[in-house]
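Data first, discussion second: the structure below is written as structure tokens.
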Amino acid sequence: MAGHSKWAQIKRTKAVKDAKRGANFAQCSREIIMAAKLGGGDPEGNFRLRTAITRAKAAGVPNDNIKRAIEKGIGVGGADQLEDLSYEGYGPGGVAIFIEAMTDNRNRTAGDIRSYFNKYQGNLGSDGCVAWIFEQKGLIRVTQTSHSEEALFEHALEAGATDFSANPDEDGFDIFTEPLALNAVAQALTEAGISVDSAEVTRIPQNTAKVDSEAIAKPLLKLMDAIESHDDVQHVYANFEMDEALLAKLEQQ
């Protein structure tokens, strides 16, 4: 299994900061809608929904908003006509970028995304131009467990996981599944007494692009931040690797 790119690591750190300062309510609500739409409105049996609700509460989203988002996801309460869209393109240095969005106005969203690519030295491409680089997988993160690594590995495989690895950036493990098996595997781990920190469908880059120039890294990170900050964008995936020293230098600017 190819490892996560540098953007995946940055997003984990960014998610913590976003939760502390209050992430965008619209993005949180859309993630709940999508999770409920795909896996049902019961968080006990839908780990993606449970994770989305946890993130929303950490960001300060009111319970009434969360309830309405779940109802929209399952088609109750006059839901807006939201549609799932994806965008693909290349950032500075030829970095592949895949975007998942949920919108009620595809022209608005497409125009905004295109403007970000143009502003920050990238190119919005056609469908399929980079999708082949990113393999869709279920990802279950276990950050604390009383089980040994060997026992956890055995439980994961018995539950139907396809891969298992220690997470080098956090004190825990990453368990990979086929997308449709995510909920079943997460439920089986929970029943085995293993605390599941998060469960979501993600995209894993099968190859990476090395970014070692500040001239490329600076506009690339600005592009990624601009895309992620858009209300309609749910997830952004990129395949770049970046030296820690260069990243630290840019964060100080």
Calculated from DSSP helices alone, with each H run of at least 4 adding -39500 (n - 2.57) and the total divided by the residues of the chain, [θ]222 nm to the nearest 500 comes to -14000 deg cm²/dmol
What net charge is computed for the residues neighbouring Ala188, neighbours being all others with C-beta under 13 Å from the C-beta of Ala188, Lys and Arg scored +1, Asp and Glu -1? -3
Using a 1.4 Å probe, how large is the accessible area of Leu82, given in Å² and rounded to the nearest 10? 40 Å²
Residue-normalised value, i.e. accessible area per residue, for the chain at 1.4 Å probe, in Å², stands at 48 Å²
Calculate the dipole size of segment 176-225 relative to its Cα centre from +1 charges on Lys and Arg beta carbons and -1 charges on Asp and Glu beta carbons; express the result in debye to the nearest 20. 260 debye
Please quote Rg/Rh for segment 98-163 to two decimal places, taking the Kirkwood radius as Rh and restricting both calculations to Cα atoms. 1.22
Under the Kirkwood approximation for Rh and a Cα-based Rg, what ratio Rg/Rh is obtained for segment 201-253? 0.99
Which cross-chain or sequence-distant (5 or more) residues have an amide H under 5 Å from the amide H of Asp232, H modelled 1.01 Å from N in plane? none
In Å³ and rounded to a whole number, note down the convex hull volume per residue for the Cα atoms of segment 34-179. 163 Å³
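The values are calculated or read from the model by the stated rules, or taken from the named source; none is laboratory data. All values derive from a computational prediction rather than experimental measurement. Cβ atoms come from the backbone with ideal geometry, glycine included; neighbour counts cover every protein chain shown. Each accessible area value is taken on the protein alone, full model and side chains, heavy atoms only, with ligands, DNA and RNA left out. Shrake-Rupley method; radii C 1.70, N 1.55, O 1.52, S 1.80 Å.
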